[in-house]
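Please treat every number below as a calculation from the coordinates, not as lab data. The structure presented is a predicted model; accordingly, all values stated were derived computationally and were not measured. So basically every Cβ, Gly included, is an ideal-geometry build from the backbone, and we count neighbours across all protein chains shown.
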Amino acid sequence: MVTSMDYLVIGAGSAGMRLGHFLSQAGHDCLVVDAVAEVRKDKLFRAVDPNGEVIMAPTVIAASPLDIPGLDLATDGRSPARTSERESTNVPGVYFAGTLTQVRALHRILERKYHGVDWPNTCHQADPTVLTEVVLGRGSFLRRQFADVIVPAGRLASYYEEIPVDYLHDHALADDYFTITPNREPASPRTVIRHFFRATLLADHNAVENDLTSDAVRRRRLTEFFAERLLQTILTAATR
């Protein structure tokens, strides 16, 4: 018996099951298996499970373990060679799920790459005061290795949550964007806001959480940063 799927997820642990849930909820045919006896690639991937059942799919995701028999993807316990999209550099079409916190990001990467679905976002006024409140309200929810992103476009700005930092700079949502990332050093926890143009850093601002300045002063400084950088964005756009 041959089963054709959009996605084959190898590894029925927490990460694999969660990714399978996301893909199925998005309307894709997805099969999560605990293990496979082998996987071969022609135009599609052809996997054989331990019961001899054959699964055909254009995309394979390794959740656990990361080694895939037949594709020479033995990692020997090391992190596999992969792109910022979490795709194998040796075998295109094979992706690595990573940890539970990385699974949602991989799902969104796949949705954007293969199905043209924009990264989820909310729309706000491109107003320095508004953006300051949005950023400071997200501070405690920021995760390492991820960035929240603001993309200004005229009078509006789109706010994207939890984009992997390496992926963001390789596959930017726009030319002009701001990143919001955490710095959780115990002595000086802070939220770092950076302004980029085509992955080149233009300016940054540190919103320190435990310094001696008042909350009002921290807000004013961040608002001034956004005001200056948004103006620069408008001036730059006018010259392009």
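Below, the figures for the structure above:
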item	result
Debye intensity ratio I(q)/I(0), log10, the chain, q values 0.15, 0.16 Å⁻¹ (C-alpha model)	-0.99, -1.06
Efficiency of FRET between LEU100 and ALA227 - r from beta-carbon atoms, R0 45 angstrom, step 0.05	0.70
Net +/- balance of residues flanking ALA199 in space, Cβ distance below 12 Å, scoring K and R +1, D and E -1	-2
Options LEU8, VAL217, THR200, ranked by Cα towards positive dipole end of the chain, top entry (Cβ charges)	VAL217
Antiparallel %, DSSP beta bridges [both residues in the chain], to 5	75
Cα-centre dipole for the chain with unit charges at Cβ (Lys and Arg positive, Asp and Glu negative), debye to 20	460
Choice from ARG40, ARG155, ARG190 showing the highest fluctuation, given a GNM over the chain with Cα pairs closer than 10 Å	ARG155
Top positive-direction residue, dipole computed over the stretch 1-62 with Cβ charges, set PRO50, VAL60, MET17	VAL60
Residue-averaged [θ]222 nm for the chain, counting only DSSP H segments that reach four residues, each worth -39500 (n - 2.57)	-9500 deg cm²/dmol
Summed residue charge, Cβ within 10 Å of LYS113's Cβ, Lys/Arg positive, Asp/Glu negative	-1
Fully extended contour minus Cα-Cα distance, from ALA12 to GLN25, at 0.36 nm per residue	3.0 nm
Cα-centred dipole magnitude for the stretch 121-239, charges only on beta-carbon of K, R (+1) and D, E (-1), debye, nearest 20	160
